[in-house]
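Q: Structure below; questions to follow.
The values are calculated or read from the model by the stated rules, or taken from the named source; none is laboratory data. Nothing here was measured: the structure is a model prediction, and the numbers come from that model. Cβ: placed from backbone, ideal geometry, glycine included. Neighbour counts: every protein chain shown.
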Amino acid sequence: MTTVTIIGAGLGGLTLARVLHVHGIPSTVYEAEPSPTARTQGGMLDIHDHTGQPALRAAGLSDAFHGTVLEGRQAMRVLDGDGTVLLDEPDDGTGGRPEVQRGELRRILLDSLPAGTVRWGHKVSGVRALGEGRHEVIFADGATTEASLLVGADGAWSRVRSPLSDAVPEYIGRSYVETYLFDGDTRHPAAAKAVGGGSIFTLAPGKGIQAHREGGGTLHTYVALSEPREWFARVDFTDPAAATARIAREFEGWAPEITALITESDTAPVLRALHALPVEPRWERVAGVTLLGDAAHLSAPNGEGANLAMYDGAELGKAIAAHPDDAEAALTAYEQALFPRSAAAAADGTDLHELLFGDHAPHSLVSMLAGHAQPR
Ligand SMILES: Cc1cc2nc3c(=O)[nH]c(=O)nc-3n(C[C@H](O)[C@H](O)[C@H](O)COP(=O)(O)OP(=O)(O)OC[C@H]3O[C@@H](n4cnc5c(N)ncnc54)[C@H](O)[C@@H]3O)c2cc1C
């Protein structure tokens with residue numbers, strides 16, 4: 001049996017490696033980062049009952065996953081800028097989207113793989129077709145390896161995408177600025193009270209302040225602004241105080257317990273420019289190579305990207321296991337389901353951004369959620 005060569009040790013690539021391992025199929029994962037702890041994995045992920053959770057079941061990791069769920073974090077509030085609570089949905093345990101820390105999930109996946117599966121510090125710079133489904137993988141230091149079955153799980157700026165597709169991610173016209181308040185309940189009590197037990201969406205047309213309560217009372221915030229790249233280029237993010245003041249200025253007049261999520265940040269604000277691939281990913285079958293997760297279908301953040309990456313990884317792993325002697329049959333079956341699935345999710349993501357930041361925000365989101373929540 002040939003080894004599957006996976007580029008990228010994100011949640012998608014690791015789920016694929018694990019599902020292959022469950023089926024006795026060896027893989028090697030080449031990851032650009034030098035070690036598992038090189039970068040904080042930050043952020044809460046809600047793991048959905050129709051994508052992330054079945055993927056973890058296929059990986060045989062449901063129990064480990066449930067052990068890391070942070071209770072109560074499915075609670076959600078929608079507020080307007082003056083702090084009026086428009087919708088307050090408690091966590092009654094039936095939300096179907098339990099929350100975990102991304103880093104914990106990645107650790108569970110890493111720990112479930114045979115030692116040496118992940119080769120850290122291997123940044124891929126390109127791939128070259130060798131014929132008959134084989135590819136040469138070229139690393140940034142000039143080293144190479146040959147792959148008989150190559151999977152690009154290397155995220156938004158994939159280096160494995162080029163043999164399959166000319167698509168490049170485009171800026172969606174909106175960015176997030178990320179802040180953290182640590183030990184919120186004691187150090188930032190007003191902001192912690194506003195965030196409550198789970199997450200808040202404080203919205204207005206074109207902008208918003210979204211925050212999550214993470215482990216240890218950390219309040220993790222994405223400040224959304226619908227501005228062109230040039231606007232953000234004029235904000236000096238090398239000067240944290242100046243950048244904080246400039247971003248906060250966009251929310252003048254908003255409730256102080258909400259703007260505190262920007263102005264009281266314990267970390268320097270970090271700009272996250274948002275990009276997406278065309279909504280309908282599609283390519284002709286190319287022997288011996290495929291993509292999963294963001295590499296295949298990067299979309300505007302919609303709470304589904306990591307879930308879908310894991311789902312893709314599990315589906316691809318199962319398809320390879322179901323066709324042990326016919327990689328092309330496996331990749332064909334996987335891609336036939338991948339294309340419509342990811343197109344639908346990307347379209348949902350675009351719709352969600354319209355609900356969050358469109359002309360009728362925040363009431364558009366409240367109306368959408370009101371079907372299964374109690375409006376105030
Ligand atoms: C601000 C923000 C918030 C989000 N919030 C959520 C959320 O709440 N819920 C959710 O489900 N999704 C969320 N997402 C989306 C989610 O983060 C991604 O969809 C998900 O991480 C994709 O997983 P992946 O495995 O495909 O790629 P990634 O997680 O990007 O992993 C790719 C891996 O490949 C490695 N790599 C990259 N290039 C190379 C190279 N050249 N050579 C070798 N290795 C390489 C990277 O270092 C990385 O480890 C959010 C995204 C953003 C930007």
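Q: Looking at segment 277-325 only, could you name the residues that are under 18 Å from the mean Cα position of the chain (by Cα) and of a type in the set (Gly, Ala, Ser)?
A: Gly293, Ala295, Ala296, Ser299, Ala300, Gly303, Gly305, Ala306, Ala309, Gly313, Ala314
Q: Moving on. Within segment 302-343, how many residues turn out to be within 17 Å of Leu164 (Cβ to Cβ), among the hydroxyl-bearing types (Ser, Thr, Tyr) and out of contact with any strand residue (DSSP E or B) (no Cβ under 7 Å at 6 or more places or on another chain)?
A: Here the count works out to 2.
Q: Now, a different point. Could you list, in sequence order, the residues of segment 1-41 that are more than 13 Å from the ligand (Cβ to nearest atom) and of a type outside the set (A, V, I, L, M)?
A: The answer is Thr2, Thr3, His21, His23, Gly24, Pro26, Ser27.
Q: Checking the conditions here, which among Trp231, Trp254 is surrounded by fewer than 20 Cβ atoms within 10 Å (Cβ to Cβ) and not assigned by TED's automatic domain parsing to the domain that holds Gly67?
A: The conditions single out Trp231.
Q: Give the number of residues within segment 42-89 that are more than 16 Å from the ligand (Cβ to nearest atom) and closer than 30 Å to His23 by Cβ.
A: The total comes to 7.
Q: If Ala211 satisfies every condition in (1) more than 21 Å from Leu369 (Cα to Cα); (2) of a type outside the set (Phe, Trp, Tyr); (3) under 22 Å from the mean Cα position of the chain (by Cα) but one, which is the exception?
A: (1)
Q: Do the conditions hold for Ser27, that is, is it farther than 21 Å from Pro301 by Cα, surrounded by 15 or more Cβ atoms within 10 Å (Cβ to Cβ) and in the same structural domain as Arg161 (by TED's automatic domain parsing)?
A: When the stated conditions are applied, Ser27 passes them.
Q: Residues of segment 134-154 being under 24 Å from Ala314 (Cβ atoms) and surrounded by fewer than 21 Cβ atoms within 10 Å (Cβ to Cβ), which ones?
A: Ser148
Q: Follow-up. Output the helices (runs of 4 or more DSSP H) that fall wholly within segment 298-376 and possess 2 or more residues being surrounded by fewer than 20 Cβ atoms within 10 Å (Cβ to Cβ), without any contact (Cβ under 8 Å) to a residue 40 or more places away in the chain and among the small types (Gly, Ala, Ser), or say none.
A: 327-357, 363-369
Q: To continue, here is another question. Among the residues of segment 98-133, count how many are in contact (Cβ under 8 Å) with a residue 60 or more places away in the chain and either buried (at least 16 other Cβ atoms within 10 Å of the Cβ) or within 23 Å of the chain's Cα centre (by Cα) (or both).
A: 21
Q: When segment 1-31 is examined, which residues are found to be in a loop (DSSP other than H, G, I, E, B) and more than 18 Å from the chain's Cα centre (by Cα)?
A: The answer is Met1, Thr2, Thr3, His23, Gly24, Ile25, Pro26.
Q: Which number in (1) modelled with pLDDT under 95; (2) buried (at least 20 other Cβ atoms within 10 Å of the Cβ) marks the one condition that Pro278 misses?
A: Among (1) modelled with pLDDT under 95; (2) buried (at least 20 other Cβ atoms within 10 Å of the Cβ), the lone unmet condition for Pro278 is (2).
Q: If only one of Arg77, Arg73 is charged (D, E, K, R), in contact with a Phe, Trp or Tyr (Cβ under 8 Å, 6 or more places away or on another chain) and within 30 Å of Ala204 (Cβ to Cβ), which one is it?
A: Just a single option satisfies the conditions, and that option is Arg77.
Q: Let me confirm something: among Arg102, Arg119, Arg128, which residue is farther than 22 Å from Asp49 by Cβ and either within 10 Å of the ligand (Cβ to nearest atom) or modelled with pLDDT under 95 (or both)?
A: Just one listed residue meets the conditions, Arg119.
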